[in-house]
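Before any comments, here is the structure.
The values are calculated or read from the model by the stated rules, or taken from the named source; none is laboratory data. It should be emphasised that the depicted structure is a prediction, and the values quoted were computed from it without experimental measurement. Positions of Cβ are backbone-derived with ideal geometry, glycine not excepted, and every protein chain shown enters the neighbour counts.
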Amino acid sequence: MSLANSAMEPGLSNDPEREFTIEARTQVQMVRSSFFRHRGAMIGLGALVFVVVIAYTSIGFWGIPGWWGLDFSSTGTLVNEGKPTLDLIPWLDGDGLSIGAHPFGQDNIGRDYFALTMRGTQVSLMVAFVIGILSTFIGTVAGAISGYYGGKSEAVIMRFTDLLLTIPLLIVAAVVGNGFGDSGPFFLAVVISLLIWTSLARLVRGEFLSLREKEFVEAARAMGASSTRIIFRHMLPNAIGTIIVSATLTIAAAILIEAALSYLGYGVRAPDTSLGLLISTYQTAFSTRPWLFWYPGIFIVVIALSVNFIGDGLRDAFDPRQTRVRA
Amino acid sequence: MDTEILSVSDLTVGFPTEDGLVTAVRGVTYTLKEREVLAIVGESGSGKSVSAMALMGLLPKTARITGSIQYRGEEVLEMSPKRYREIRGQNIAMIFQDPMTSMNPVYTVGDQLAEAYRSHHRVERKVALGKAVEMLDRVGIPQAKDRARSYPHEFSGGMRQRAMIAMAIINSPDIIIADEPTTALDVTVQAQILETLIEVKDSVDAAVILITHDLGVVAGMAHRVLVMYAGRGVERAEVSDIYTRPRMPYTAGLLGSIPALDSAGGRLHPIGGAPPSLIRLPPGCPFSPRCPLVTERCQTEEPELLATDLPHHEVACHNWQQVAAAADPTLLFRTEAVEA
């Protein structure tokens, strides 16, 4: 037990002049400081911010033009057989460090592949985060209610999740995609979220079932706290690690789900595009024009990895017992 | 000191199980006066904790509670959930057995105390934190301002229990229920914690229901004692009477089982046998299988808690006169223990 620890910390000296009001480090402050010390999370955050910034500023969004002159849907003449002009390794071919006209190359009808990849990144990011946030929210609330209250509400919610788990995602998406295919990627994301919150709901329910029996919950009730207060102020912060890890995994998985659906033609449709759609569209070109596969692939990996790193950092940051600073 | 603030009468708590109804508390009656310390003593499973949990509304929904619990004339068992929440924490506070698990690991100690205060007072966070620090200071936590910023896992067991006491008194309750507050603690810390509890109880003018199986703790701080056995109150008396003039063989047996300092190396003197199962209680006195004074009547008729020769002293035993007549009632069990 490290009794002397905080008493010896600098800045916590016992100045007798100090007031009786103290500035407590709230959970938010604590989480923030330990998150920003987490190296992996910082790298992940940096990479994600970089991807987001480049994707949204380069080709613009909501009609706002970006700094990249080319549009993702307009065709052009093929330059150099559509090969990428990006050159980051100056000593290999002697061209020096250069971006060129089409850094990621062009596809077979001459569209700029950088612009396409950026548009794909925008759509995939949006879909992934909408799914991640919405399904986490639904799953957490459903799991918390069924875990805390038990009884009838638990039976109803859990049987409903069982039902959802038996419905194949692809078939529902196919039906929805055929009927409402023009509603765009946001609608697709909402539909997917409504179907995949169930696994988190089960996790959260499990957490709450064990937390419910903890003495501090009993103590909170003995102090006159209401059920809502107990759920959100006392139990949820204890389950936050599980929820965040699951949310980051969901975000990473959502990118792949969207890719699979787009591949089958139920997801994002041309002329709009997404990273998954790009990969599946050009999968046959892998041996002849591999850049059409590599660039969107790299972006998927970077997004999924950085989200996972951030989630890792958040989980550590939310646990006050975790005192070790990740080097 | 004489106003009754809590009166529990004929409280019965049953839990349905697959093997049948387990009646953990079978008609317990007691009253609590202002600023009084009432000790409820008994073995594990005697129903002492369950009766306290019933009072705090902490029992699972399946529990069947009957009888009456009146707080200042208000029936607790029929209270609206809202009114019940108001009372809990504000008028009746509880200190739990294990301070390791009764604090939320993700909040600082100061935050938790402030939270307890803000559950009943509409104040700014800062004000509540100031109050929290004041309480931590009052229960003897050094450098309370700094310690309020620590997490529970950074506290030692004794400090955590002090913090729990601080949390219990932060709303100046009338009644503090202390459910074995020292059981999880080091012997050297126990005395300090009890001392703190008595000090702060006086500072907020609260009464205490002290649930314990430690007769030493009772002697040190209680005014009155209720001894429980198999879900019933079997003896109720002033604290001095319990020690010097017990009228129930069970109480005498408990007293006799305390290791004496002057008999180092001697044998311990437990009460033979174990408490009965609460599912199918045999007829008659539940203590009869272990009682050295058992008669035929004991095996058929369960005794009521009735007045004895001493004032304010009630006992549930058919043969209390025999216990009263014995020169040293604790010896009643000795002979039996030697034989066994």
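Overview of values
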{"item": "Single match in B:I209, B:I165, B:I95, B:I193 (criterion: closer than 22 Å to A:E215 by Cβ, within 11 Å of chain A (Cβ to nearest Cβ) and either of a type in the set (K, R) or crowded, with 18+ Cβ neighbours inside 10 Å (or both))", "result": "B:I95"}
{"item": "Test result for B:G110, of a type in the set (G, A, S), crowded, with 19+ Cβ neighbours inside 10 Å, in the same structural domain as B:A132 (by TED's automatic domain parsing) and under 16 Å from the mean Cα position of the chain (by Cα)", "result": "no"}
{"item": "From A:V156, A:V123, residue being modelled with pLDDT of 85 or more, over 20 Å from the mean Cα position of the chain (by Cα) and over 15 Å from A:I231 (Cα atoms)", "result": "A:V156"}
{"item": "Close pairs (8 angstrom Cβ cut-off, 6 or more residues apart or separate chains): within 21 Å of B:M94 (Cα to Cα) and more than 7 Å from chain B (Cβ to nearest Cβ) in the stretch A:215-240, outside any helix (DSSP H, G or I) and among the hydroxyl-bearing types (S, T, Y) anywhere", "result": "A:R229/B:S119"}
{"item": "Residue in the stretch B:72-86 that is at the interface with another protein chain (Cβ under 9 Å from one of its Cβ atoms) and under 14 Å from B:I177 (Cβ atoms) present", "result": "no"}
{"item": "Long-range neighbours under 8 Å by Cβ, at least six apart or interchain, first residue touching a residue at least 12 places away in the same chain (Cβ under 8 Å) and more than 7 Å from chain A (Cβ to nearest Cβ) within the stretch B:101-112, second among the hydrophobic types (A, V, I, L, M, F, W, C) and in a loop (DSSP other than H, G, I, E, B)", "result": "B:V109/B:M103; B:V109/B:A148; B:V109/B:F155; B:Q112/B:M103"}
{"item": "Which numbered condition B:T62 misses (of (1) out of contact with any Phe, Trp or Tyr (no Cβ under 8 Å at 6 or more places or on another chain); (2) surrounded by fewer than 21 Cβ atoms within 10 Å (Cβ to Cβ))", "result": "(1)"}
{"item": "Of all residues in the stretch A:15-51 being facing chain B (nearest Cβ under 10 Å) and either closer than 24 Å to A:I300 by Cβ or in contact with a Lys or Arg (Cβ under 8 Å, 6 or more places away or on another chain) (or both), the one that is modelled with the highest pLDDT", "result": "A:R25"}
{"item": "Residue check, B:L77 in contact with a Lys or Arg (Cβ under 7 Å, 6 or more places away or on another chain), in the same structural domain as B:I211 (by TED's automatic domain parsing) and more than 30 Å from A:S34 (Cβ to Cβ)", "result": "no"}
{"item": "Sole residue being on the phi < 0 side of the Ramachandran plot, modelled with pLDDT of 75 or more and either aromatic (F, W, Y) or under 22 Å from the mean Cα position of the chain (by Cα) (or both), chosen from A:T136, A:T166", "result": "A:T136"}
{"item": "Residues satisfying the stated conditions in the stretch B:147-179, i.e. of a type in the set (D, E, K, R) and out of contact with any Lys or Arg (no Cβ under 9 Å at 6 or more places or on another chain)", "result": "B:R147, B:R160, B:R162"}
{"item": "Any chance B:T17 is within 14 Å of chain A (Cβ to nearest Cβ) and surrounded by fewer than 16 Cβ atoms within 10 Å (Cβ to Cβ)", "result": "no"}
{"item": "All positions within the stretch B:195-246 that are farther than 25 Å from B:Y71 by Cα, among the charged types (D, E, K, R) and not assigned by TED's automatic domain parsing to the domain that holds B:N171", "result": "B:D241, B:R245"}
{"item": "Residue tally, condition crowded, with 17+ Cβ neighbours inside 10 Å and not in a helix (DSSP H, G or I), over the stretch A:207-221", "result": "1"}
{"item": "Enumeration of residues in the stretch B:26-71 that are under 12 Å from the mean Cα position of the chain (by Cα), within 14 Å of chain A (Cβ to nearest Cβ) and hydroxyl-bearing (S, T, Y)", "result": "B:S49"}
{"item": "Boolean, B:A116 is at the interface with chain A (Cβ under 8 Å from one of its Cβ atoms), of a type in the set (A, V, I, L, M, F, W, C), surrounded by 24 or more Cβ atoms within 10 Å (Cβ to Cβ) and over 30 Å from B:E235 (Cα atoms)", "result": "yes"}
{"item": "Filter pass, B:E134 being within 7 Å of chain A (Cβ to nearest Cβ), of a type in the set (D, E) and more than 19 Å from B:L210 (Cα to Cα)", "result": "yes"}
{"item": "Qualifying residue in the stretch B:139-146 (condition: facing chain A (nearest Cβ under 10 Å), more than 22 Å from B:S51 (Cβ to Cβ) and charged (D, E, K, R))", "result": "yes"}
{"item": "Test: residue in the stretch B:43-58 that is closer than 21 Å to B:S172 by Cβ, part of a helix (DSSP H, G or I) and out of contact with any helix residue (DSSP H, G or I) (no Cβ under 6 Å at 6 or more places or on another chain)", "result": "yes"}
{"item": "Residue that is nearest to the other protein chains (Cβ to nearest Cβ) [pool: residues in the stretch B:120-131 that are in contact with a helix residue (DSSP H, G or I) (Cβ under 7 Å, 6 or more places away or on another chain) and under 15 Å from B:A166 (Cα atoms)]", "result": "B:L129"}
{"item": "Filter result for B:T183 (part of a loop (DSSP other than H, G, I, E, B) and polar (S, T, N, Q))", "result": "yes"}
{"item": "The one condition in (1) of a type in the set (G, A, S); (2) under 19 Å from the mean Cα position of the chain (by Cα); (3) over 30 Å from A:V204 (Cβ atoms) that A:S246 fails to fulfil", "result": "(3)"}
{"item": "Failed item, numbered, when B:S150 is tested on (1) in a loop (DSSP other than H, G, I, E, B); (2) closer than 20 Å to B:V106 by Cα; (3) more than 12 Å from chain A (Cβ to nearest Cβ)", "result": "(3)"}
{"item": "For B:T66: the one exception among (1) over 19 Å from B:P181 (Cβ atoms); (2) in a helix (DSSP H, G or I)", "result": "(2)"}
{"item": "Among (1) within 22 Å of the chain's Cα centre (by Cα); (2) assigned to a loop (DSSP other than H, G, I, E, B); (3) in the same structural domain as B:A326 (by TED's automatic domain parsing), the one test that B:P282 misses", "result": "(1)"}
{"item": "Unmet requirement for A:L92, which otherwise passes all of (1) part of a helix (DSSP H, G or I); (2) modelled with pLDDT of 70 or more; (3) aliphatic (A, V, I, L, M)", "result": "(2)"}
